[in-house]
Amino acid sequence: MKKVVVFSQIDQDVLAQLQQDYRVVVLNPKLGDINDQIRTEVVDADAMIGAGRLLNESNLAPAQKLKIISTVSVGYDNYDVSYLNQKKIWLANTPHVLTETTADLAFTLLLSAARKVPYLDAWTKQGQWKRTVSTEQFGMDVFGKTLGIIGLGNIGAAIARRGFYGFNMNILYHNRREKIEVAQAFNAQYRDLDQLLQQSDFIVVAVDLNHESQALIGAEQFDLMQKHAVFVNIARGSVVDEDALIEALKQNKIFAAGLDVYAKEPLQNSALFELPNAVTLPHIGSATTETRQKMVKLAYQNLVAALQDRTPHYLVNPKFE
């Protein structure tokens, strides 16, 4: 019977299905160092499924017949793809099913930061609401403003659709290449990065993490933004220089920021927690019950296809290049 290593919590129904058909080992941090467990269990494993673990040569080297790692995520920066290619291990992911959910979250952050929702929620609960609110509690309008989207992929396009049809926003976008057909649906105008930063009231980062997007937004870019700008990051934390963002918020170079991703996660003891103009969420872009179930079912399908000697539909490294 083929062996599957489950390296994070997954949907119980999917886990039960795996256990019917395969020899399943579920890793448990309570049983000791998780990387030691991976090194032990991967020796004779045929497949792995899960999310949120760094998988690379340090813990995968003992693998002798591992065929696929099926990640319950779209992003795959936790995985050393070059090493997987060397070992001829497939890496499958779960794109598309989380597009709308993540776009919803982007707008949640945008609206929350613009209208100071977390700050005012705490302010109200602390008994500060004793009279009519003053300018310190004022937010900024969203309807009819200019939305700049960095990365017009599936999620970026879904964000643009919400802004254009829901809030009558003027849409600007920056991408590695122009996407004329996609942009036409929202009358979106292409801008180079500097122009987008200078002209946008709201800026949402929705790029993939790669060598071009690493540290894409730093002190120089924050200096280009308008003083009333709201900055939202739902991409990856390392796309943004976090120290530069904190400084921009402290100095009120921008109005606010809405963040779901960080340079180091889980985020602990951060200066961002002290800033009333920073909305900080714990990387929940796809974290709804419905979407996570869809993701793990797709990850399951990818895994089973590989174990049945079929090519999974969604592969990061289909040719081991």
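The values are calculated or read from the model by the stated rules, or taken from the named source; none is laboratory data. Please read all numbers here as calculations on a predicted model, not as lab measurements. Cβ placement follows ideal geometry from the backbone for every residue including glycine, while neighbour counts extend to all protein chains displayed. To get the accessible areas, we keep the full protein, side chains included, count just its heavy atoms, and leave off ligands, DNA and RNA. Shrake-Rupley method; radii C 1.70, N 1.55, O 1.52, S 1.80 Å.
Over the chain, accessible surface divided per residue gives 51 Å², non-protein components excluded, 1.4 Å probe. Comparing GLU100, GLU242, GLU220 in a Gaussian network model of the chain where C-alpha atoms under 10 Å apart are linked, the largest mean-square fluctuation is found at GLU220.
Taking the helices alone, the chain has a mean residue ellipticity at 222 nm of -9500 deg cm²/dmol, built from -39,500 (n - 2.57) per DSSP H run of at least 4 residues and averaged over all its residues. Using C-alpha pairs below 8 Å separated by at least 6 residues, the relative contact order for region 161-206 is 35 percent. If you model region 66-217 as an ellipsoid using its alpha carbon gyration tensor, with each semi-axis the square root of five times an eigenvalue, the axes come out at 35, 22, 14 Å, biggest first.
Got the relative contact order for region 1-86 handy, in percent, Cα pairs under 8 Å and 6 or more residues apart? Mind dumping the intermediate values first?
Details: 128 pairs, mean separation 26.0, N = 86.
Across region 1-86, relative contact order equals 30 percent.
When only DSSP loop residues count, what trypsin sites (Lys or Arg not before Pro) in region 212-279 have their Cβ near at most 16 other Cβ atoms within 10 Å? Sparse-neighbourhood loop trypsin sites (Lys or Arg not before Pro): LYS227, LYS264. Largest mean-square fluctuation among LEU110, LEU275, LEU245, in a Gaussian network model of the chain whose springs join Cα atoms under 10 Å apart, belongs to LEU275. Highest GNM mean-square fluctuation among GLY237, GLY144, GLY285, for the chain modelled with Cα contacts below 10 Å: GLY144. Here's the picture: charge each Lys and Arg Cβ at +1 and each Asp and Glu Cβ at -1 in the chain, and of LEU197, LEU55, SER270 the one pushed furthest to the positive end of that dipole is LEU55.
The relative contact order of the chain comes to 19 percent, based on Cα pairs under 8 Å that sit 6 or more residues apart.
Share of the chain's accessible area from carbon and sulfur, percent, 1.4 Å? For the chain, the apolar C and S fraction of the accessible surface comes to 47 percent. Considered as an equivalent ellipsoid built on the Cα gyration tensor, region 92-160 has semi-axes of 33, 15, 7 Å, the largest given first.
Nearest 5 percent is fine: what portion of the DSSP beta bridges confined to the chain is antiparallel?
Details: 1 of 39 bridges.
Here the antiparallel bridges make up roughly 5 percent for the chain.
When the Cα positions of THR71, PHE107, PRO95 are compared along the charge dipole of region 67-124, THR71 comes out farthest toward the positive end, with charges on each C-beta of Lys, Arg, Asp and Glu. Among the listed options (i) 39, 22, 18; (ii) 29, 24, 18; (iii) 26, 26, 18, the one matching semi-axes √(5λ) of the Cα gyration tensor in Å as calculated from these coordinates is (i). Using the Cβ of LEU60 as centre and a radius below 9 Å, the other residues enclosed give a net charge of 0, where K and R count +1 and D and E count -1. For the chain, the residue among VAL24, PRO282, VAL240 whose Cα projects farthest onto the positive side of the dipole built from Cβ charges is VAL24.
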